[in-house]
Amino acid sequence: MTSLPRLLTIMGSGETAPTMMKHHRELIARFPGTPKAVVLDTPYGFQENAPELAAKAVEYFRKSVGYNIEIAGLTQILGADTLVVEQGLSRIRQADYVFAGPGSPTYALRQWTGTTVPEIMRSKMRTGGAVTFASAAALTLGRYTVPVYEIYKVGSEPSWFEGLDVLGELGLNVAVIPHYDNAEGGHHDTRFCYLGERRLSMLEHHLPDDAHVIGVDEHTGVIFDLDADTATVIGNSTITIRIKGKSVVHQTGVVLPIDALRDPTRGAVNVAIDFAPQAAVDETIAPQSLSLAAEVKDAEQAFDIALASGDAAGAARATLELESSIHNWSADTLQGREMDLAHAALRSMIVRLGDAAVGGLIDPRISLEPLMNVLLDLRSAVRADKRYDLSDLIRDRLAGNNIEVRDTAEGVEWVINS
């Protein structure tokens, strides 16, 4: 009988973004036959849109990763129907691949404490299976957990909660901090999962001498292969081993023995990391990171260049590429503001394409046909994603320029009205 691989993956963020889909795919492919994958939906179980978040994860794995994933159905355990809870526990117990992501770490811990969930996760590290926890779920993996919402949103004094200690199975006495390089605060420090340096330093004083912090940057992860005894850094950026304010940083692509994370001082040179406000960062030397915002910027630049040179096809191509980017990033729940900006950019492109379609053309029907084909393809794409507001915007802008779009039984037609 072939033994199953034993894998534990921590992702700092981007768990349902294009950055991580190949890593999900490769991890699941390590299992023979048709592996059973389950999304553990507890961390966001308190949210009103929990079913929608679970459905997005299912769609992401089906379309982007190429595997079907089942929903555990454990949004609430305390006070829930016993049969429903046992069915959910059975799903994760039987799963080869267990995935959990955003939400509240303390809500998840309240639901999981006193249940078999922690032991199920730990047992996979002993007998075989893969556990991939990201964002809020990643916070629960260590012996110590940061109560992020309570500190950052409510103003509670920094303190540790007891974690699942799944990493204890690897001999790691740690606290895991995802979103380690977060820069949303701009001029105020939101690194270290919104703690900032001051509050993380306060927390570190409460760690025992034999414990330390593992920080995982956004759109970055680390794969622990217990059979090979390796830790592989994946994604866009770095992981950090921090001991009492001093840090050892490991770049993406690096493969380490797990022992290097158990005792990071062995043979390592510790360096302090200083905070630089976002505005002061030199973009010419900053590491590139794949993000929706970066793809929007690239698409807008390509669009502007194409439109300025009279390249209607190039402008339309940039518009379609932006629409594809929006679709690819749609499952990433942390892209709220960036998604709004991306949709605004797409709307602007559509408006400008509509204006360009009727500007200074000698033979309207012949000259417009290539561009109209692209616009109608884009309209079909956004309708397929149920973005009817964008579909209507394309139609209305064309109508404002005397081009009527008609949906018929035979397909979409367009005519120029005099």
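The values are calculated or read from the model by the stated rules, or taken from the named source; none is laboratory data. Everything numeric in this text was worked out from a predicted model, so none of it was measured. Counting neighbours? That spans all protein chains shown, and the Cβs are built from the backbone with ideal geometry, glycine included.
Taking segment 13-43, which residues are within 13 Å of GLY101 (Cβ to Cβ) and touching a Phe, Trp or Tyr at 6+ places or on another chain (Cβ under 8 Å)? If you could, list the steps in order and put the result at the bottom.
Narrowing segment 13-43 to residues within 13 Å of GLY101 (Cβ to Cβ): 13-17, 20, 24, 38-43.
Result: GLU15, THR16, ALA17, HIS24, VAL38, VAL39, LEU40, THR42, PRO43.
A single entry from ARG30, ARG6 fulfils the requirement of being farther than 24 Å from GLY163 by Cβ, of a type outside the set (Phe, Trp, Tyr) and in contact with a Leu (Cβ under 9 Å, 6 or more places away or on another chain): ARG30.
When segment 88-101 is filtered for residues that are surrounded by 21 or more Cβ atoms within 10 Å (Cβ to Cβ) and either in contact with an Asp or Glu (Cβ under 9 Å, 6 or more places away or on another chain) or free of Cβ contacts under 8 Å to residues at least 60 places away in the same chain (or both), the ones remaining, listed by number, are GLY88, ILE92, ALA95, PHE99, ALA100, GLY101.
Filtered by the rule that a residue be part of a helix (DSSP H, G or I) and under 17 Å from LEU53 (Cα atoms), segment 89-106 gives a lone residue, PRO105. The residue that is farthest from THR106 (Cα to Cα), among those in segment 174-188 that are modelled with pLDDT of 95 or more and more than 19 Å from the chain's Cα centre (by Cα), is VAL174. Scanning segment 116-141 for residues being in contact (Cβ under 8 Å) with a residue 24 or more places away in the chain and assigned to a helix (DSSP H, G or I) gives a total of 14. Within segment 211-260, the set of residues being among the acidic types (Asp, Glu) and closer than 18 Å to THR190 by Cβ comprises ASP217, GLU218.
Restricted to segment 1-24, and to residues that are hydrophobic (A, V, I, L, M, F, W, C) and part of a loop (DSSP other than H, G, I, E, B), which residue is nearest to the chain's Cα centre (by Cα)?
Restricting attention to segment 1-24, the residues satisfying the condition of being hydrophobic (A, V, I, L, M, F, W, C) are 1, 4, 7-8, 10-11, 17, 20-21.
Among the residues that remain, those that are also part of a loop (DSSP other than H, G, I, E, B) are: 1, 4, 17.
Details: MET1: 36, LEU4: 27, ALA17: 4 Å.
Per the criteria, the residue is ALA17.
The condition of being at pLDDT 95 or above, within 18 Å of ALA137 (Cα to Cα) and touching a His at 6+ places or on another chain (Cβ under 8 Å) holds for only one of GLY88, GLY12, that being GLY12. Within segment 162-182, the set of residues being surrounded by fewer than 16 Cβ atoms within 10 Å (Cβ to Cβ) and not acidic (Asp, Glu) comprises just one member, GLY171.
Please specify each residue of segment 212-231 satisfying the condition of being touching a Leu at 6+ places or on another chain (Cβ under 8 Å) and not aliphatic (A, V, I, L, M). Selection gives HIS219, PHE224, ASP225, THR230. Considering (1) under 20 Å from the mean Cα position of the chain (by Cα); (2) of a type outside the set (Lys, Arg); (3) over 19 Å from HIS206 (Cα atoms), the lone condition that GLU169 does not fulfil carries the number (1).
Which one is nearest to the chain's Cα centre (by Cα) among residues in segment 211-267 that are at positive phi and exposed (fewer than 15 other Cβ atoms within 10 Å of the Cβ)? That would be GLY253. Restricting attention to segment 313-329 and to residues that are touching a residue at least 60 places away in the same chain (Cβ under 8 Å) and surrounded by 15 or more Cβ atoms within 10 Å (Cβ to Cβ), the residue that is nearest to GLU15 (Cα to Cα) turns out to be TRP329.
To keep it simple, each residue is scored yes or no on (1) in a loop (DSSP other than H, G, I, E, B); (2) surrounded by fewer than 18 Cβ atoms within 10 Å (Cβ to Cβ); (3) not hydroxyl-bearing (Ser, Thr, Tyr).
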| residue | (1), (2), (3) |
| --- | --- |
| GLU26 | no, yes, yes |
| PRO32 | yes, yes, yes |
| PHE46 | yes, yes, yes |
| VAL58 | no, yes, yes |
| GLY79 | yes, yes, yes |
| GLU86 | no, yes, yes |
| ALA108 | no, no, yes |
| GLN111 | no, no, yes |
| GLY114 | yes, yes, yes |
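Among the residues of segment 29-44, write down those that are touching a helix residue (DSSP H, G or I) at 6+ places or on another chain (Cβ under 7 Å) and of a type outside the set (D, E, K, R). Once the filter is applied, which keeps residues that are touching a helix residue (DSSP H, G or I) at 6+ places or on another chain (Cβ under 7 Å) and of a type outside the set (D, E, K, R), segment 29-44 yields PRO35, ALA37, VAL38, VAL39, LEU40, THR42, PRO43, TYR44. In segment 146-153 there is at least one residue that is surrounded by fewer than 16 Cβ atoms within 10 Å (Cβ to Cβ) and more than 19 Å from the chain's Cα centre (by Cα).
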